[in-house]
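Worksheet for the structure shown next.
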Amino acid sequence: MSSDWPRARLHVVTGKGGTGKTTVAGALALALAADGRRTLIVEVEGRQGLAQLFDTPPLPYAERRVAVAPGGGEVRALAVDAEEALLDYLDMFYRLGTAGRALKRLGAIDFATTIAPGLRDVLLTGKVKEAVTRTEQGRRARGRVYDAVVLDAPPTGRIARFLNVTAETAKLAKVGPIKTQSEGVAAILRSPLTAVHVVTLLEEMPVQETADATAELAELGMSVGAIIVNETRPALLDGGKVTQAELRRGLTAAGLPADRATVAGLAAEVAEYRARLDLEHRLRGELDKLDRLMLELPLLPEGIDVSALYSLAETLTKQGVVTA
């Protein structure tokens, strides 16, 4: 399966809200940092979800180490702020420096990103692109600072618009730095350097949004890497039928009440569970039809903490997740 994993350097992780995309992004960053590698995980929605996930203080607009990966690698994290990214942009292209800070005090930056929402996405994705292409003298692996960058992206309902920066900024500028910046970002996002992974659950709405998102991304010329099925559970029953007589005998053998009401209630639970298994089987079939690499992560009943992230990262590694 490792041959099917995309040899990308930017891994964009999206998914319907509630599917655990931030958790999956964190586990993926750890997996990609194994054996002495360095990865950067970036969030762009201002939720400080990565700080909570890695149990660290709120992240500033700076790259901070948040975890050490197996084999001595490291994971750094960055919370991209549109306002700070705009200041970087102004300094880079217009050399405003202190004047840019004055604009911040005057509220001009909020005004700019409000009247031109597409500019905000250019700034956010532009910072990610800079991290992907950044080089450092003396670093191994062709001088890259990061072996991989993981983007905890907006949910599937907004992912196509967020990544389609060229179309959004065409309304803002026909020439100049904004146009150049957006085109540079678009080129990275549509190249083999980028893979978009979609996180889903075996539930109706997440699976439907997964299908919709993969179709939208394909239309935009973006590469969909893996569909990651989160919170999977092993089947507790095989395909055979469980009769009430079998339930009664089992309860009796276990020393539990086996009266009619108890047996009937347990039989109803069995029927409900089987219906759930049938639904999951059908939804797996729908995901199979998308013809994408499919990975699975287990449900962890004890919840998600840092140790759970390492466990999920190990599961991803066993399924073939490797660094380009």
Label points 7 Å out from Cα along the Cβ direction at residue 242 and residue 274: separation in nm? 1.0
With all protein chains in place and a 1.4 Å probe, residue 266 shows an accessible area in Å² (nearest 10) of 60
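Length gain on complete extension for the stretch residue 306 to residue 179, per 0.36 nm per residue less the alpha carbon to alpha carbon distance? Provide the component values of the computation, followed by the final result.
Details: separation 127, 0.36 × 127 = 45.72 nm, distance 4.06 nm.
So the chain would gain 41.7 nm between residue 306 and residue 179.
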Please tell me the relative contact order of region 178-256 in percent, rounded to the nearest whole number, where contacts are Cα pairs under 8 Å and at least six residues apart. 31
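Of 212, 291, 278, which has the most accessible area and how do the rest follow, probe 1.4 Å?
On the way: 212 75, 291 130, 278 105 Å².
The residues order as 291, 278, 212, largest area first.
Accessible area, 1.4 Å probe, largest first: how do 205, 294 sort? Each step should come with its number before you reach the end.
Working: 205 115, 294 50 Å².
These residues rank, largest area first, as 205, 294.
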Inter-part distance where region 287-312 and region 221-255 are each reduced to a Cα centre, Å: 17
In terms of modelled amide H atoms, which long-range or inter-chain residues lie less than 5 Å from the amide H of residue 15? 156, 199
For region 250-310 the translational diffusion coefficient, Stokes-Einstein from a Kirkwood Rh over Cα pairs at 20 °C and viscosity 1.002 mPa s, in µm²/s, is roughly 139
When the C-alpha atoms of region 207-271 are aligned to their principal axes, what extent does each axis show, in angstrom, from largest down? 61, 18, 17
List, in the order given, every pair from 21/129; 21/289; 127/289; 129/318 whose Cα-Cα distance in the structure shown is over 25 Å. 127/289; 129/318
Most to least accessible of 120, 47, 276 (protein chains only, probe 1.4 Å): 47, 120, 276
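The values are calculated or read from the model by the stated rules, or taken from the named source; none is laboratory data. Keep in mind the model is a prediction, meaning the values are calculated, not measured. With ideal geometry, Cβ positions are generated from the backbone for all residues, glycine too; neighbour counts draw on all protein chains shown. These area figures cover heavy atoms from the full protein model, side chains too; ligands, DNA and RNA do not enter into them. Shrake-Rupley method; radii C 1.70, N 1.55, O 1.52, S 1.80 Å.
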